[in-house]
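Right, one structure below, let's go through it.
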Amino acid sequence: MPEIAHIVKVTAAEGKRDEALAVLGRLVGASESEPGTLQYAVYADTTDAVTIWLTELYADDAALSAHMSNPVMAEIGEALGGLLDGPGDVRRVEIVRRKGDNAG
C-alpha cells in the first residue's frame with residue numbers, strides 16, 4: 001500500500017500568522033505519538049507574511065485515519081478559530097522520487 005502525502009497551504013488572518021504557527025506547531029508534537037505519521041512539518045512562507053505550508057507523510061490510509069481521529073486535531077481546529085482566513089487548501093500528492101530512493 002503506498003504512502004499518503006499531503007501538501008497544505010493555510011492563509012493566516014492578517015497579523016495572526018505567528019499565533020497560527022504556534023497552534024499548528026502543536027500538531028507536530030501530537031504526531032510524535034503516531035507511529036504511522038512518518039513526517040509532519042509546518043513552514044512559514046518567507047515571501048508572504050500570511051502563508052503557512054504543511055507537509056504530511058503517512059505510512060498508509062490507516063495511519064492517516066489515526067491522525068485525523070487524534071483528539072488533538074479537534075483541539076487545534078478550535079484553537080485556530082479567528083486565526084485563519086478560511087479553510088486550508090489540502091492537496092494529496094504522489095511522491096515521484098525523493099532522496100534515498102534507488103535511482104533507476
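Worth a mention:
- Of the trypsin sites (Lys or Arg not before Pro) found in the stretch 1-97, those in coil by DSSP whose Cβ has at most 11 other Cβ atoms within 10 Å are R97.
- Rg ratio (alpha-carbon, reference 2.2 N^0.38 Å) - the stretch 4-93: 1.04
- Sites listed here are GluC sites (Glu not before Pro) in the stretch 42-104 whose DSSP assignment is loop and whose Cβ has at most 10 other Cβ atoms within 10 Å: E94.
- Within a Gaussian network of the chain (alpha carbon springs, distance under 10 Å), most fluctuating of T37, T11, T46: T46
Bear in mind these aren't lab numbers, they're just calculated from the coordinates by the rules spelled out. Note that the coordinates shown come from a computational prediction; the quantities given were computed from them, not determined experimentally. Note: ideal-geometry Cβ built from the backbone for every residue, glycine included; neighbour counts use all protein chains shown.
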